Each structure stands twice: as structure tokens, then as C-alpha cells.
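S.K.: Here it is: the structure, laid out below.
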Amino acid sequence: MGQRIKMATSPSHRFGQIIGDLLEEIMTPLLQNFCNERGLYLDKKGNRGEARSGKKVSWIDKYGNTHDLDFVIEKDGSDDVRGRPLAFIEAAWRRYTKHSRNKAQEIQGAILPVAEKYGWDKPFLGVILAGVFTSGSITQMKSSGFDIALFPYDSIVKAFLAVGIKADFDKDTSDVTFKKTVKKIETLKAVDRAKLKKHLVDSNKELLNNFFWQATIYS
């Protein structure tokens, strides 16, 4: 039996994962409050109950294919009963525009086939983006029915500066610099991580309010 080789994750890729996790951390309580106020159920990553196994938010499209999503808002859902989907919401980060079109297509490929299965319910399709995305990639998603909230790259940089971390990187940034920054982020005290997330929410409050206003129409 051959030895399994574990591929190393580059520091820049790890930084992208951190931003993605941060987006989900920010959106989870906001979406949970939104659902609590309306008597809806939020399916999010983690153990749920008898409604599904595993920690992934997995839904099956009309062709029988399984898609792992970030968030699904349900009507009449519970830990043990899967409800009617009212919203499918994804979160994504991209630093460079050349990757944004591929990410847009990836999001569409994950959500649209599932949303089509539940077309009778006309679910809300939402995407929380952060970083840099081309106008073409945004237009592409909007033309497919998605509502979008884009956290500008500058707001990400300023939020990290608020806790003493320089996160303004480009293609010439060395792996050594990325590693040092990643270590600083991963060892942030809880109070500083909370400050970081609050800064991001506060600096993007208008776009988040608009996003949730659009979601309210569907709930």
C-alpha cells in the first residue's frame, strides 16, 4: 500500500482560507438573528441532527447531485426536519480579478441546480463577497438572479490594521511575510478577533443592510 503524500498549503492560500472563515464567522450570527426574528431555521456548517448527517450543509439538486453550501434558510425547518428552502447563501473571497470569474461560475454551479429544483418556492440567492471581483463576474451572477454584497478589499485591509496587522498584499509579497501574518491572525486574542469582525461589519453596514432588505422580500 503506497504512502499518501500530503500536499502543503501555501501561505497565501492559507490567508485566503482565513478570510473565507472570517466571512462565515461574521455572517453566521447576522443570519441567525435574521432567522430568529422571523421564525426561520438557519442550516449552517456543523452538526445539525436527524435532518442531515455530517457537518456539511449538503443539498441535492434535481439531477441527484450533492452540493455543499455555506448557508440555507428554511421555513418550517428544525434540527431534525429539513424545511422548505427560502434562501441559498454563499460566502467567497478573491484577491485578484483574474480568479473572480472562475469563482462566480463555481458559485453558480453549486447553487443554481439546487435552486432550480425548488423553483416553485422562488428562493433568495445571495452571495457575500470580499476582496476584488471584476464587474463582469458581478454582472454574471446578478444576471443569474443573485443578490450580492461585496466587502471592498480596502475594508478588509483597514479591519486588520485596526488590530495591528498589515494585510495589504500583492503578487510580489513573499511567503515569509505571508507566514508571519497568518501566524499573527491565528494567534489573535479573542477580544481582538471580535474587534476585527466588528470593524468589518461596521464599515460595510450599508451594503449588509441592503442585502438583508432584499432577503426580507423572500421571507
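The values are calculated or read from the model by the stated rules, or taken from the named source; none is laboratory data. Treat the numbers as computed from the prediction; the structure is a model and nothing was measured. Positions of Cβ are generated from backbone atoms using ideal geometry, with glycine treated the same way; all protein chains shown enter the neighbour counts.
S.K.: Return the residues of segment 106-152 that are at pLDDT 90 or above and among the basic types (Lys, Arg); say none if nothing qualifies.
M.R.: Scanning segment 106-152 gives Lys117, Lys142.
S.K.: What number of residues within segment 169-219 satisfy the criterion of being loosely packed, with under 15 Cβ neighbours inside 10 Å, closer than 18 Å to Ile26 by Cα, in contact (Cβ under 8 Å) with a residue 12 or more places away in the chain and of a type outside the set (D, E, K, R)?
M.R.: Looking only at that region, the number is 1.
S.K.: Report the residue count in segment 94-108 for those that are under 30 Å from Gly39 (Cα atoms) and either buried (at least 23 other Cβ atoms within 10 Å of the Cβ) or touching a His at 6+ places or on another chain (Cβ under 8 Å) (or both).
M.R.: Count: 1.
S.K.: Show me the strands (runs of 3 or more DSSP E) found entirely inside segment 71-154 where at least 1 residues are more than 19 Å from Ser58 (Cβ to Cβ) and under 17 Å from the mean Cα position of the chain (by Cα).
M.R.: On the way: elements: 71-75, 84-94, 124-131, 146-152.
Output list reads 84-94, 124-131, 146-152.
S.K.: Within segment 54-70, track down each residue that is polar (S, T, N, Q), part of a strand (DSSP E or B) and farther than 23 Å from Pro29 by Cα. Break it down stepwise before answering.
M.R.: Narrowing segment 54-70 to residues polar (S, T, N, Q): 58, 65-66.
Adding the requirement that they be part of a strand (DSSP E or B) leaves 58, 66.
The answer is Thr66, and nothing else.
S.K.: Output the residue which, of all residues in segment 122-152 that are aromatic (Phe, Trp, Tyr) and in contact with a Ser or Thr (Cβ under 8 Å, 6 or more places away or on another chain), is farthest from Ala110 (Cα to Cα).
M.R.: It comes out as Phe133.
S.K.: Kindly evaluate Gly136 against the criterion of being exposed (fewer than 15 other Cβ atoms within 10 Å of the Cβ), within 30 Å of Thr173 (Cα to Cα), out of contact with any strand residue (DSSP E or B) (no Cβ under 8 Å at 6 or more places or on another chain) and not hydroxyl-bearing (Ser, Thr, Tyr).
M.R.: Numbers: exposed (fewer than 15 other Cβ atoms within 10 Å of the Cβ): yes; within 30 Å of Thr173 (Cα to Cα): yes; out of contact with any strand residue (DSSP E or B) (no Cβ under 8 Å at 6 or more places or on another chain): yes; not hydroxyl-bearing (Ser, Thr, Tyr): yes.
So Gly136 fits the description; yes.
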